[in-house]
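Have a look at this one.
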Amino acid sequence: MFIKEFDFLSPKISLYYKGSLSHSSSFSAILSIISFIIIATFSIYFSLDLIQRKNPDFYYLNRYTEDAGEFPFNSSSLFHFISLGNYTHNLIGFDFRSFRIIGFNAHYENIDNYIIKKVDHWIYGLYDEDDSKGINHLIEFGEYKKSACIKKYYNSLKKEYYDVNDINFKWPILSHENFNNFNNERKIYNTIIDKCNQETLDLLFDKKYACKNDIEMDMYFSGNYGCKLYFIDEYIDASNYKEPNKKFFYRIENAFSKEIYSSNNLNFNPSMIKTHNGIIFDNIEEEFSYSYDRNDVLTYSIDSNNIYIVYNFWLKNRLLIYERIYKRIQDIISIIGGICESVTFFASFLNCFYHNYIILYDTKTLLFSSIEEYEKKIKKKSVLKKV
């Protein structure tokens, strides 16, 4: 039968049996076909891991690092914006006539007499969509359009303010570790919300508005109002080959008070995802990012500076390493080889019992056919003798 040609499970024999080097049977052939289909199915299934870059081996490591990297506060990294709201109403944007937001690449307590023009700083103004190019899909617009984000940079050497689109504008940076740093390369970042300043307000809105007085500002201290800081955080999705770093907005809330202000110490850890994505030879790609850790909140009495809320951004020196290893061709071949051996062994075991029966049957058939042929010859000779 033609189907017997598909039998690869029956053991080979030294002599031909009816033109065949094995005692094949329909059962062995069908079992061979089923085994081949199983092997082919698993081969295709595991080959998809290589073709589609799926199911990597994943490892996690947490270790100390001397250099935690640099992260600018723009849409490519630590983009953030600030809005006002309370516990019973939606966000109301930001009231620039009541409050001012400024940022420093140094701790605000180290600034002499809190005179901002002694140091480089950044002024926050009205947010627009151009400020968050590339991440607009993460932002639900509406009241957010009335929020505040970085709009101007002040160069203390040139005594000039520069807009975001100006060639001389530069972004604040969060960089390096915050311990054991003696070379002044560390850059923390402080965002301070204090009372409205007319000079700053004129700079932002071209002298169109005037700062509110204390009575007009009382609504923020008597109605459970506070600030909502939104910043980009990231988490690792190892199953996503092309975009393992997933961005989303995290929110920090603080209420306003006339007596005390809250100082939020926002701790970030640098992170790295290490990808082994070679096809034959090993190829390693490294992508650096950061991950928000926690917020340590301290409170202080409000002094003459009229500071209401402070956000201190700290970059720690604890590096989070995520490593994923994708399968290469030799790994797939090894897996397929193991599957092939396992399926063949199991199928051969099942075939063994029936195959022994076939050997006995074929042997019997062969012997009886020889006897019958011999008897025919004897009868033929006897007939010839009588003639």
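Counting only residues that are in contact (Cβ under 8 Å) with a residue 40 or more places away in the chain, of a type in the set (A, V, I, L, M) and either closer than 28 Å to Phe79 by Cβ or surrounded by fewer than 16 Cβ atoms within 10 Å (Cβ to Cβ) (or both), how many does region 208-248 have?
The qualifying residues number 5.
Among the residues of region 37-72, how many are touching a residue at least 60 places away in the same chain (Cβ under 8 Å) and β-branched (Val, Ile, Thr)?
3
Within region 117-133, track down each residue that is touching a residue at least 40 places away in the same chain (Cβ under 8 Å) and either touching a Gly at 6+ places or on another chain (Cβ under 7 Å) or assigned to a strand (DSSP E or B) (or both).
Selection gives Trp122, Ile123, Tyr124, Gly125, Leu126.
Of the conditions (1) without any contact (Cβ under 8 Å) to a residue 24 or more places away in the chain; (2) closer than 29 Å to Ile135 by Cβ, Met272 satisfies every one except a single condition; which number is it?
(1)
Within region 73-102, track down each residue that is in a loop (DSSP other than H, G, I, E, B), surrounded by 13 or more Cβ atoms within 10 Å (Cβ to Cβ) and in contact (Cβ under 8 Å) with a residue 60 or more places away in the chain.
Result: Phe73, Asn74, Ser75, Ser77, Leu78, Phe79, Leu91, Asp95, Phe96, Arg97, Ser98.
Is one or more of the residues making up region 266-278 surrounded by 13 or more Cβ atoms within 10 Å (Cβ to Cβ), small (Gly, Ala, Ser) and modelled with pLDDT of 90 or more?
yes
Would you mind stating whether Ser175 is closer than 19 Å to Asn74 by Cα and not charged (D, E, K, R)?
Yes: the conditions hold for Ser175.
If the requirement is being modelled with pLDDT of 90 or more and surrounded by fewer than 18 Cβ atoms within 10 Å (Cβ to Cβ), which of these qualifies: Arg324, Arg294?
Arg294
Of all residues in region 1-57, which are within 30 Å of Ser239 (Cα to Cα) and either at pLDDT below 85 or in a loop (DSSP other than H, G, I, E, B) (or both)?
Gln52, Arg53, Lys54, Asn55, Pro56
The values are calculated or read from the model by the stated rules, or taken from the named source; none is laboratory data. Since this is a predicted model, take the numbers as computed values, not measurements. FYI the Cβ positions are ideal-geometry reconstructions off the backbone, even for glycines, and counts take in every protein chain you see.
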